[in-house]
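Here, each number is a calculation from the coordinates, and none is a lab measurement. Note that the coordinates shown come from a computational prediction; the quantities given were computed from them, not determined experimentally. Cβ placement follows ideal geometry from the backbone for every residue including glycine, while neighbour counts extend to all protein chains displayed.
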Amino acid sequence: MRKQVVALLFSGLFANAALAAHDVVTVKLDAQNDSGQTGTATLTPEGDKTRVVIELSNGPKGVAQPAHIHLGTCDKLDKAPKWKLEAVKDGKSVTVIPASLKTILKDRTAINVHKSAAEIQVYVSCGNIAAGM
């Protein structure tokens, strides 16, 4: 009986670890407007918050590129950002947003990166976040 209980405890731990690993969502960011800026955004749950890490290649050195999560898709974004992300600088951004990953995945959303604050209307990269997970 004791061996069965121990085995069940270990299997539960491994199942929770597998579930936690599955909760990480990686979004492919595609270049837009001939920017050549491609990369990924990794969304990691942190309880009722989500850590968003953006990594882009071919970005301009020393330029802060605003980034957001919008409702919609890359083909049709809602103009108003749902969540503001830290600007991408030298190809990287890390933000913890005040929403669970489950909340983000509830709707169709996309991550987009702008050329600069001065050229906010120019998108250089975008990726759709899969909904309904």
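Structure above, values below:
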{"read-out": "Simple spin-label estimate for residue 44 and residue 64 in nanometres, 7 Å along Cα-Cβ", "value": "2.4"}
{"read-out": "³J(HN,Hα), Karplus 6.51/-1.76/1.60, whole Hz, each residue of the stretch 99-110, x for Gly, Pro", "value": "8, 6, 4, 4, 5, 4, 6, 5, 10, 6, 9, 9"}
{"read-out": "Ascending count of other beta-carbon atoms within 10 Å, so fewest first, for 74, 126", "value": "74, 126"}
{"read-out": "Length released on extending from residue 75 to residue 102, taking residue separation times 0.36 nm less the Cα-Cα span", "value": "7.4 nm"}
{"read-out": "Neighbourhood net charge (15 Å Cβ-Cβ; Lys/Arg +1, Asp/Glu -1) for residue 33", "value": "-3"}
{"read-out": "Farthest positive-ward along the stretch 24-129 dipole, Cα basis, beta-carbon charges - from 87, 37, 24", "value": "24"}
{"read-out": "Charge sum, other residues only, whose C-beta stays under 11 Å from residue 59's C-beta, Lys/Arg counted +1 and Asp/Glu -1", "value": "+2"}
{"read-out": "Distance between modelled label sites at residue 26 and residue 122, nm, 7 Å Cα→Cβ extension", "value": "3.0"}
